[in-house]
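Working notes for the structure below.
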Amino acid sequence: MPSLREFNERLASMASMRRVTSTMKLVAGSHLHRVQTALSKPEPFTRSLAALVPILRQPKFLQSRYALPPPETGSRILLVVMSADRGLCGGFNTSVVRAVREFEAAQAARSPKKIDHLYIGQKAYAALKGDYPTRMRVMPAVPHPDVSDSDYVAKVVMRAFRWKLYDEVWLISNRFVNSMTNDCRTERLLPDARPPVPKVEAEPMPLPRIIEPNDETLLENVIYLWIQLALYYAMLHSATGELAARVMAMDNSTMNLNMMEKDLRTQRNRARQAAITNELTEIVSGAEALN
């Protein structure tokens with residue numbers, strides 16, 4: 001059985017870890033409130049952009065490369081993988097890594113395809129770089145995403161698709177459901193598959209006769225706005241889900257440490273009581289021997 005000194009050292013170590021986990025929970029909770037507030041900010045722009053959907057459904061746009069289905073065989077895919085830069089957030093990053101492996105297996109089973117990866121977040125890259133390396137720069141996962149962050153990624157995606165480097169663009173990221181649940185989704189961004197944005201009611205917009213720009217430029221600009229908005233929402237959801245998962249993980253860790261401290265304190269008291277009993281037994285035995 002450990003000595004009383006060892007019990008005290010363990011209790012001091014657990015108390016120190018408990019202070020760290022409780023502090024991390026408070027910090028993540030404060031950031032979570034700020035990011036949750038930002039989730040509702042793009043809704044007016046989403047409503048205005050959704051009103052342009054009838055334009056994309058006109059027959060003259062259906063033969064564009066942005067609307068045509070990708071080739072059945074030999075398709076070149078750019079997979080955007082969005083995770084966190086840090087751990088200590090439960091299974092948040094693990095679900096993304098698992099979804100990437102399932103996507104790769106599904107594509108390999110259908111037909112041989114070339115898949116390149118664009119990583120946003122160090123955790124997925126660290127877990128997958130051995131099996132799925134990338135030639136692109138790994139981008140950091142911004143704790144408080146801004147439109148400029150999604151704008152950069154959207155330009156990279158659109159440029160690669162426009163130059164015909166890839167035939168498809170897919171996105172794998174976590175979606176924030178509530179403080180206890182994240183939903184990892186795999187969705188196609190290009191060719192146009194209606195990027196994942198919240199469903200909002202949009203007022204019908206009259207279709208004016210536009211002379212400039214031409215049809216292809218108009219379609220490309222609208223698709224670019226959809227991609228940028230979809231990536232911005234994905235970044236917001238990923239940041240929110242990471243913080244919510246970290247709050248839950250740190251809360252569970254704090255509760256577990258409290259239980260471990262309680263059990264260890266009970267063991268220490270029993271050890272101390274046993275030591276006192278042994279000392280009393282020795283004193284009584286010694287007194288009896290003298291008599």
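The values are calculated or read from the model by the stated rules, or taken from the named source; none is laboratory data. For clarity, every value in this text was computed on a predicted model and none was experimentally measured. We place every Cβ from the backbone using ideal geometry, glycine too, and count neighbours over all the protein chains shown.
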Only residues that are closer than 22 Å to residue 232 by Cα, part of a loop (DSSP other than H, G, I, E, B) and in contact with an Asp or Glu (Cβ under 9 Å, 6 or more places away or on another chain): list them for segment 43-66, please. 51, 66
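Being over 21 Å from residue 168 (Cα atoms) and without any contact (Cβ under 8 Å) to a residue 40 or more places away in the chain is the filter here, so list the residues in segment 44-57 that pass it.
44, the sole residue that qualifies.
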Within segment 139-154, restricting to residues that are in contact (Cβ under 8 Å) with a residue 60 or more places away in the chain and of a type in the set (D, E, K, R), the one that is nearest to residue 191 (Cα to Cα) is 151
Inspect segment 232-250 for any residue being in contact with a helix residue (DSSP H, G or I) (Cβ under 7 Å, 6 or more places away or on another chain) and under 18 Å from residue 169 (Cβ atoms) and give the result as yes or no. yes
Being in a loop (DSSP other than H, G, I, E, B) and either surrounded by fewer than 16 Cβ atoms within 10 Å (Cβ to Cβ) or under 16 Å from the mean Cα position of the chain (by Cα) (or both) is the requirement here; does residue 40 meet it? yes
For residues that are of a type outside the set (D, E, K, R) and surrounded by 16 or more Cβ atoms within 10 Å (Cβ to Cβ), tally how many sit in segment 23-37. 7
Failed criterion for residue 77 (all others in (1) buried (at least 17 other Cβ atoms within 10 Å of the Cβ); (2) at pLDDT below 85; (3) not hydroxyl-bearing (Ser, Thr, Tyr) hold): (2)
Somewhere in segment 64-82, is a residue without any contact (Cβ under 8 Å) to a residue 24 or more places away in the chain and not β-branched (Val, Ile, Thr)? no
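Can you list the strands (runs of 3 or more DSSP E) lying wholly within segment 78-194 that have 1 or more residues being within 13 Å of the chain's Cα centre (by Cα), among the basic types (Lys, Arg) and within 24 Å of residue 248 (Cα to Cα)? First the steps, then the outcome.
On the way: elements: 114-120, 168-178, 181-190.
The strands (runs of 3 or more DSSP E) meeting that bar are 168-178, 181-190.
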